[in-house]
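Scroll down for the structure; my scribbles are underneath it.
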Amino acid sequence: MKLNCKYIANAMIAVALAAGTASCEDFLDREPMSSVSPETYYSSEAQLEANLNDEYPNVLPSYQQYSYGVFAEDKGTDNQIEVNANDRYTLDRWKVAHSESDNWKFERIYRINFFLSEVLPKFGGDMSGAQNTISGTVGKIKHYIGEAYFLRAYEYFKKLQLFGDFPIIKEPLANDRETLNAASTRFPRNEVARFILDDLDKAYDYMSDVDMATTRINKDVAKLLKSRVALFEATWLQNFKGTAFVPGGEGWPGASLHNSYEYPSGSIDNEIKYFLENAVEASKTVADKYKGSLTVNTGILQQSADEASNPYYDMFAQEDLSGVSEVLLWRQRARGLSTHNINAAAGRGNYRIGLTRGYVQNFLMADGTPVYTHGTYTDGDGYYMGDKNIANVRVNRDSRLSIFLKEPGQTNIFLEVDNSEGTDAVMTEPYPSITNGDNERGYATGYALHKGGSFNRKHYANGGGYTGEVYFRSVEALLNYMEASYLLNGTLDNTAREYWTLIRRRAHVDEDFDKTISMTDMSKEAENDWGAYTGGNILTDKTLYNIRRERRCEFLAEGLRYMDLRRWRSMDQLINTPYHMEGMHLWNTPMEKWYLNDKGESTLVADGTSQANASSKSRSEYLRPFEKTSTQPGYDGCTWKMAHYLNPIMVKQFQLTATSGADVSTSILYQNPYWPTVADQPAEK
């Protein structure tokens with residue numbers, strides 16, 4: 001059977017629930033290999049690999065050309081901010097789209113389902129491959145089948161985080177309206193999570209026979225992702241229990257289709273236990289395998305070619321990560337072929353994405369004590385040096401902060417300093433350019449990161465960086481186990497204690513985390529860390545909080561923060577008490593002098609007009625990027641609506657699945673809690 005235009009058009013109807021209508025010509029232009037007969041195309045190991053290679057950039061994170069990378073992945077959280085608040089922290093700027101949003105898309109799911117529907121019958125349906133008719137090594141063919149299951153799981157996990165309840169589609173669908181409408185039925189979120197875990201189990205089993213290069217998905221990544229998904233769902237169910245955001249909770253919109261819903265395990269508490277047990281098992285498998293090979297951290301930021309390098313820093317800024325055992329999956333780049341702007345941005349102000357004051361204050365001192373036990377945040381006590389100079393906040397701190405937080409005068413580049421390819425190289429770190437409105441060269445908060453920045457000038461061509469990008473690290477397994485096992489058992493078992501000790505040792509922080517727990521003041525932590533809250537209430541469990549803190553510090557700007565804040569239900573308190581995002585201590589400090597012109601006059605404009613380049617000292621001595629002018633989103637602080645924990649489904653989806661014309665009320669779909677089904681409207685609460 002030739003895969004002709006009509007066949008493609010039929011296939012696309014299966015994904016039109018999200019994508020709307022698309023011409024066959026456009027589709028073929030986008031996917032030229034789709035004109036090849038599947039009987040021919042899915043007949044060899046190499047063809048399976050090529051097909052999956054095409055899915056990597058569409059499914060996995062940050063695989064796009066010109067990625068800005070690790071220094072910016074937590075933007076829009078209490079860790080990192082831009083110069084204007086994200087719409088989700090406003091009352092009325094996040095609105096239901098009519099058709100512009102593409103998150104509710106099934107295209108990648110369809111393509112992976114099509115791959116599996118073609119390959120599995122040819123493989124024979126037996127894990128042994130005894131009936132296999134695909135040419136090549138059986139082990140590698142199985143591996144590629146496992147990759148497909150992983151990619152489908154990953155795509156579904158993205159949907160789970162965005163929407164919760166979601167359709168589960170396991171095969172390509174026929175061109176039949178009744179079939180397609182039925183397939184639009186949203187399954188309860190916990191069942192979606194169970195489906196993801198099942199796919200990851202299959203991925204692990206299929207990939208277990210072959211050890212591939214870590215530039216490809218592998219069995220350890222599948223097991224690690226399983227622990228992430230299971231922990232996510234367990235904590236979501238636990239922290240949103242009884243609300244409209246979990247099946248059976250009060251006001252759950254899914255009750256219209258799943259009346260008197262019963263959990264597969266019998267109750268929500270049993271379901272939480274089920275996911276926690278899966279998280280514990282999966283994370284321990286990976287953690288035990290890699291706990292002895294975490295990347296070494298010298299605790300020192302290298303500043304010349306004569307000094308010893310720091311492998312922990314280099315893990316995020318080198319071309320070849322194949323020898324870094326902690327990195328389980330990474331993307332290899334190539335000069336002039338596959339490039340990014342990570343280095344160029346890390347060498348400047350991170351494209352005006354800066355660390356928050358709260359994040360900087362949240363890192364422990366090297367002796368394991370919280371900063372607030374050493375005098376005031378402003379002045380310190382001599383061990384903590386205060387925050388009137390960026391250099392001071394790095395002294396005697398958790399090395400993850402002192403290594404990656406930039407300070408003026410540091411050497412950014414000391415290798416191949418005359419390499420003319422480095423067109424965007426900034427050799428020495430300047431004073432943070434907070435008055436510069438350029439999105440590429442300005443600084444948002446004054447606090448910027450080295451993370452991801454190479455010391456070699458050759459990597460600093462504009463849009464031409466080619467250092468590797470880290471996507472999964474084994475240390476996550478240790479942290480996932482610590483949290484999941486503690487929630488499951490109510491105590492730190494010996495394994496969790498061992499893992500925590502290894503992480504603290506690597507960070508050059510005193511290994512006595514019991515001391516840290518005993519000295520923790522949750523009211524103080526709540527000033528700096530949204531993760532100190534669950535459901536609007538400050539945590540009373542100091543051990544659980546410090547596990548959250550350890551996770552926050554280890555994954556500095558690696559893109560896990562917003563996921564964590566949502567599953568912890570950590571933004572409720574913003575509904576009644578808006579939070580003011582702050583950066584460095586600008587006013588009434590020596591740092592004011594950084595912004596004098598040649599005549600000794602201040603270049604800071606803080607009058608609240610459209611010309612303002614800094615927030616007024618009457619609002620705070622700390623720089624508030626959202627509060628320079630009254631028209632900025634977030635000027636009165638970041639707020640929240642309960643609806644914002646999940647994304648709204650765009651109106652077009654209701655129209656496409658309506659049984660009576662475009663009447664959205666006749667759709668089989670239901671909207672997420674507190675979002676309307678009217679376009680261009682904000683959430684109700």
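For this structure, a couple of remarks:
- Qualifying residue in segment 339-357 (condition: under 21 Å from the mean Cα position of the chain (by Cα) and either under 18 Å from residue 509 (Cβ atoms) or without any contact (Cβ under 8 Å) to a residue 12 or more places away in the chain (or both)): no
- Residues of segment 564-588 that turn out to be surrounded by fewer than 18 Cβ atoms within 10 Å (Cβ to Cβ) and more than 17 Å from residue 525 (Cα to Cα), as a count: 3
- Which listed residue is at pLDDT 95 or above, surrounded by fewer than 20 Cβ atoms within 10 Å (Cβ to Cβ) and among the hydroxyl-bearing types (Ser, Thr, Tyr), from 377, 359, 383: 383
- For first residues located in segment 404-422 and over 23 Å from residue 507 (Cα atoms) and among the polar types (S, T, N, Q), partners that are modelled with pLDDT of 95 or more and surrounded by 18 or more Cβ atoms within 10 Å (Cβ to Cβ) and lie 6+ apart or on another chain with Cβ distances below 6 Å form the pairs 419/457; 419/458.
- Subset tally (residues that are touching a strand residue (DSSP E or B) at 6+ places or on another chain (Cβ under 7 Å) and aromatic (Phe, Trp, Tyr)) for segment 177-200: 1
- Filter pass, residue 288 being part of a loop (DSSP other than H, G, I, E, B) and either without any contact (Cβ under 8 Å) to a residue 40 or more places away in the chain or among the acidic types (Asp, Glu) (or both): no
- In segment 309-355, the residues that are of a type in the set (Ser, Thr, Tyr), out of contact with any helix residue (DSSP H, G or I) (no Cβ under 9 Å at 6 or more places or on another chain) and more than 20 Å from residue 403 (Cβ to Cβ): 322, 338, 339
Residues checked against (1) part of a loop (DSSP other than H, G, I, E, B); (2) within 30 Å of residue 103 (Cα to Cα):
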| position | (1), (2) |
| --- | --- |
| 574 | no, yes |
| 582 | yes, no |
| 593 | no, no |
| 604 | yes, no |
| 613 | yes, no |
| 620 | yes, no |
| 630 | yes, no |
| 634 | yes, yes |
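- Residues in segment 523-533 that are surrounded by fewer than 21 Cβ atoms within 10 Å (Cβ to Cβ) and either within 16 Å of residue 77 (Cα to Cα) or touching a helix residue (DSSP H, G or I) at 6+ places or on another chain (Cβ under 7 Å) (or both): 524, 526, 527.
- Only listed residue being in contact (Cβ under 8 Å) with a residue 24 or more places away in the chain and either surrounded by 18 or more Cβ atoms within 10 Å (Cβ to Cβ) or aromatic (Phe, Trp, Tyr) (or both), chosen from 209, 199: 199
- Restricting attention to segment 562-617, the residues that are of a type outside the set (A, V, I, L, M, F, W, C), within 22 Å of residue 439 (Cβ to Cβ) and either in contact (Cβ under 8 Å) with a residue 40 or more places away in the chain or touching a Pro at 6+ places or on another chain (Cβ under 8 Å) (or both) total 7.
The values are calculated or read from the model by the stated rules, or taken from the named source; none is laboratory data. Computed from a predicted structure; not experimentally measured. FYI the Cβ positions are ideal-geometry reconstructions off the backbone, even for glycines, and counts take in every protein chain you see.
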